[in-house]
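Working notes for the structure below.
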């Protein structure tokens, strides 16, 4: 499968979640999810397994922290990040609300200027990647090819 085909599959899977209500720490399509639950759910659909259980986390986007748990998890499962200028449909976007706080929001790039994400009181939607969102991108990660090493799960490594 080419990277472009994989990107289309990821975006189609993410669009299947649009309309799912917001539920902090949820990850069930049509039932409830937050931004991380959306990415986890799409990951499971594409990769065929759950990446990892994230543990408890606060809903506060501006939470100060010494670690970037979201970025660290993305590196464990997707490898090194890629430059924002190389992002393409299907890539995972991680957002930092402001300098000095942990990255606490995630979405999936659905086109050059749009992304799919979930947030409180709205649920899963596709939004324009306007400058106020774009400048908050802290990291971009690409889903690995599910056909390469698909039999190796993180807990088996």
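The values are calculated or read from the model by the stated rules, or taken from the named source; none is laboratory data. If you're wondering where the values come from, they're calculated on a predicted model, not measured in any experiment. In this analysis, Cβ positions are derived from the backbone assuming ideal geometry, glycine residues included, and neighbour counts consider all displayed protein chains.
Within the set 81, 65, the sole residue that is closer than 17 Å to residue 10 by Cβ and either modelled with pLDDT of 90 or more or outside any helix (DSSP H, G or I) (or both) turns out to be 81. Comparison of 52, 45 shows that the only residue that is in contact with a helix residue (DSSP H, G or I) (Cβ under 7 Å, 6 or more places away or on another chain), farther than 18 Å from residue 135 by Cβ, modelled with pLDDT of 95 or more and surrounded by fewer than 21 Cβ atoms within 10 Å (Cβ to Cβ) is 45. Which of the residues spanning region 8-31 are in contact with a strand residue (DSSP E or B) (Cβ under 7 Å, 6 or more places away or on another chain) and without any contact (Cβ under 8 Å) to a residue 60 or more places away in the chain? Of everything in region 8-31, those that are in contact with a strand residue (DSSP E or B) (Cβ under 7 Å, 6 or more places away or on another chain) and without any contact (Cβ under 8 Å) to a residue 60 or more places away in the chain turn out to be 23, 26, 27. So is residue 120 surrounded by fewer than 16 Cβ atoms within 10 Å (Cβ to Cβ) and either more than 14 Å from the chain's Cα centre (by Cα) or over 20 Å from residue 80 (Cα atoms) (or both) or not? Criteria met by residue 120.
The set of residues in region 27-41 being more than 21 Å from residue 68 (Cβ to Cβ) and part of a helix (DSSP H, G or I) consists of 41 alone. Looking at 72, 50, 45, just one residue is under 14 Å from the mean Cα position of the chain (by Cα), outside any loop (DSSP other than H, G, I, E, B) and farther than 19 Å from residue 103 by Cβ, and that residue is 45.
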